[in-house]
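Everything on this sheet refers to the single structure shown next.
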Amino acid sequence: MTSEPTHRAFIPLSIAVLTVSDTRVLADDKSGDTLAARLSQAGHRLADRDIVPDEVVSIRERVEGWIRDPAIDVIITTGGTGFTGRDVTPEAIEPLFEKRMDGFSAVFHRISYDKIGTSTLQSRATAGVAGATYIFVLPGSPGACKDAWDGILASQLDYRHRPCNFVEIMPRLDEHLRRGAAATL
């Protein structure tokens, strides 16, 4: 019987942050600032950061570009998850998912409920995997970004977290793609 090591080294990830807003610029993007600060404080690298308007095409093009970039491990978006006519981030990103992460939304809403009660129902936070890249779609408030990072992402994006975490399965996220390519040879 082999025993697992009791200590794992931290593995920094490259994380891109996208703010979806018709009104924000980098100078007043508090939610993007919150995410960039937290991921950097945790030891990860801010791979890229951008702001796009609440338009399906703009959101999808930016996220697809980051999915194709092998240097980006994780994409976190903030904004556009509500119910107004301009809130289209889930519609833009969910069709890109190869696998949905239904548990993310459930846990996010549980954490959010403890802070804002039933108002959490006004968010369509979601997550999934596309092109071996994790994608997390968060509401546009700094509080929601703090809750998601502190309550979920900080531990799940840390290789040292036990009993399991997203980092340890990253090398196998594209198995279905590789298996399909091998079958066509």
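Which value, in debye to the nearest 20, describes the size of the charge dipole of the chain about its Cα centre when Lys and Arg Cβ atoms bear +1, Asp and Glu Cβ atoms bear -1, and nothing else is charged?
It works out to roughly 460 debye.
Diagonalise the Cα gyration tensor of the stretch 1-91 and give the resulting equivalent ellipsoid semi-axes, square root of 5 times each eigenvalue, largest first, whole Å.
Working through the eigenvalues yields semi-axes of 30, 15, 12 Å.
Students sometimes get this wrong: rank 134, 113 by accessible area, probe 1.4 Å, all chains present, largest first.
So the residues, ranked largest to smallest area, are 113, 134.
Full-extension gain between residue 45 and residue 25, please, as 0.36 nm times their residue separation minus the C-alpha to C-alpha distance.
Full extension of this stretch gives 5.1 nm more.
Distance from a point 7 Å along Cα→Cβ of residue 161 to each backbone N in the stretch 29-61: keep the residues under 13 Å and list them by number.
Within reach of a label on residue 161: 39, 42.
Go ahead and set up a Gaussian network model of the chain, Cα springs under 10 Å, then flag whichever of 172, 24, 68 fluctuates most.
Evaluated over the chain, the most mobile residue of the options is 172.
How charged is the neighbourhood of residue 128? Take every other residue with its Cβ under 11 Å from the Cβ of residue 128, and add Lys/Arg as +1 and Asp/Glu as -1. All intermediate terms of the calculation are to be shown ahead of the outcome.
Values: positive: 99, 100; negative: 94, 98, 102.
That works out to -1.
Using a 1.4 Å probe on the protein chains only, how many percent of the accessible area of the chain belongs to carbon and sulfur?
Of all accessible area on the chain, carbon and sulfur atoms account for 55 percent.
Which whole-number value in Å² is the accessible area per residue of the chain, probe 1.4 Å?
Dividing the accessible area of the chain by its residue count gives 52 Å².
Which whole-number percent is the relative contact order of the chain (Cα, under 8 Å, 6+ apart)?
Once normalised by length, the contact order is 23 percent.
Whenever you get a sec, line up 59, 169, 111 from highest to lowest accessible area (probe 1.4 Å, protein heavy atoms). Please report the intermediate quantities before stating the final value.
Numbers: 59 0, 169 60, 111 25 Å².
Largest accessible area first, the list is 169, 111, 59.
Rounded to the nearest 5, what % of the DSSP beta bridges within the stretch 72-185 are antiparallel ones?
Counting DSSP beta bridges with both partners in the stretch 72-185, the antiparallel share is about 60 percent.
Just going by the charge dipole of the stretch 1-96, with Lys and Arg at +1 and Asp and Glu at -1 on Cβ, which of 83, 34, 58 is farthest out on the positive end?
34
With label points built 7 Å along Cα→Cβ from the Cα atoms of residue 7 and residue 98, find their separation and express it in nm.
Simple spin-label model gives 3.5 nm for this pair.
Got a number for the accessible area of residue 116? Probe 1.4 Å, square angstrom, nearest 10.
Roll a 1.4 Å probe over it and residue 116 shows about 90 Å².
Of the listed values (i) 0.97; (ii) 1.39; (iii) 1.04, grab the one calculated as Cα Rg over 2.2 N^0.38 Å from the structure here.
Computed from the coordinates, Cα Rg over 2.2 N^0.38 Å corresponds to (iii).
Please report Rg over Rh for the stretch 22-66, where both radii come from the alpha carbon positions and Rh follows the Kirkwood definition.
Using only Cα positions, Rg/Rh for the stretch 22-66 is 1.01.
So, R0 is 25 Å and r is the distance between the beta-carbons of residue 61 and residue 169; what FRET efficiency does that work out to, to 0.05?
It comes to 0.35.
The values are calculated or read from the model by the stated rules, or taken from the named source; none is laboratory data. Note that this is a predicted model, so its numbers are computed, not measured. Ideal geometry is used to build each Cβ from the backbone, glycine not excepted, and the neighbour counts take in all protein chains shown. Just so you know, the surface numbers come from the protein's heavy atoms only, side chains and all, with ligands and any DNA or RNA stripped out. Shrake-Rupley method; radii C 1.70, N 1.55, O 1.52, S 1.80 Å.
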